[in-house]
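Notes follow the structure.
The values are calculated or read from the model by the stated rules, or taken from the named source; none is laboratory data. Computed from a predicted structure; not experimentally measured. Backbone-built Cβ (ideal geometry, glycine too); neighbour counts: all protein chains shown. All accessible areas refer to the heavy atoms of the entire protein, side chains included, with ligands and DNA or RNA removed. Shrake-Rupley method; radii C 1.70, N 1.55, O 1.52, S 1.80 Å.
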Amino acid sequence: MMWWKPWASADDDNDVTRADAETGVNAEPGLDLYPTAQRAPAPKLEGTTLDGEPFALSRLAGDIVVINVWGSWCAPCRAETPDLVRVATDEARRGVSFVGIDTRDNPDAAKAFVRANKVAYPSVIDHNGEVLLALRDTIPTTAVPTSVVIDRQGRIAARVIGPVTYTTLKGLLDDEIAASKATR
């Protein structure tokens, strides 16, 4: 089913057209929105951050959460990072949390990337792809960058395979915030 949002770019398309051979998950770049009644629970996601701190997605229960899969080696990741940082800063006061998953990266390069781009939210280290396996039913584990939005009830609300823009991410979050207010 196709969902249209005025903030989605003309290239954003959620038709399932090609599945990732490894996972069977739609691997076509673009935006996928999941109707509330069809949302799957977010997986258990745990790991260690670039700062050496333990991380568990469950600690963010009740927040809207954006998970962004990235690597310092990834040119589209470098391009989208300023928009992610800006949205994370703009939305923090509205109960939105961000977490990165730094995949297949050199730890020193990843830390330098975070410092240079002033990324304030945590990133979980995923050198060998094990952390991404928790998301294998939601995203292709080889798609970098990818972003996933989790609603306040801990369900997968949307995903963007490929770089996400400020406008698209802000629109997704505005919709989720409005929906969560409507259900209170």
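Quick notes
- Elements of type strands (runs of 3 or more DSSP E) in the range 71-184, at least 3 residues being within 17 Å of Gly47 (Cβ to Cβ): 96-103, 123-126, 146-150
- Residue list for the range 41-58, filter: exposed (fewer than 12 other Cβ atoms within 10 Å of the Cβ) and either free of Cβ contacts under 8 Å to residues at least 60 places away in the same chain or closer than 18 Å to Asp137 by Cα (or both): Pro41, Lys44, Gly52, Pro54, Ser58
- For the range 111-124, the condition holds for no residue, the condition being that it is at pLDDT below 95, in contact with a strand residue (DSSP E or B) (Cβ under 6 Å, 6 or more places away or on another chain) and farther than 23 Å from Gln38 by Cα.
- Scoring Leu169 on the criteria (1) surrounded by fewer than 17 Cβ atoms within 10 Å (Cβ to Cβ); (2) within 30 Å of Asp108 (Cβ to Cβ); (3) at pLDDT 90 or above leaves a single failure, condition (1).
- In the range 97-129, residue nearest to Leu84 (Cα to Cα) [restricted to those that are among the charged types (D, E, K, R) and either open to solvent by less than 80 Å² (accessible area, probe 1.4 Å) or in contact (Cβ under 8 Å) with a residue 60 or more places away in the chain (or both)]: Asp102
- Among the residues of this structure, Ala143 does not count as one that is hydrophobic (A, V, I, L, M, F, W, C), surrounded by fewer than 23 Cβ atoms within 10 Å (Cβ to Cβ) and touching a Leu at 6+ places or on another chain (Cβ under 9 Å).
- Scanning the range 137-158 for residues that are modelled with pLDDT of 95 or more and hydroxyl-bearing (Ser, Thr, Tyr) yields Thr146, Ser147.
- Here Leu84 passes the criteria (1) crowded, with 19+ Cβ neighbours inside 10 Å; (2) farther than 15 Å from Val164 by Cα except the one numbered (2).
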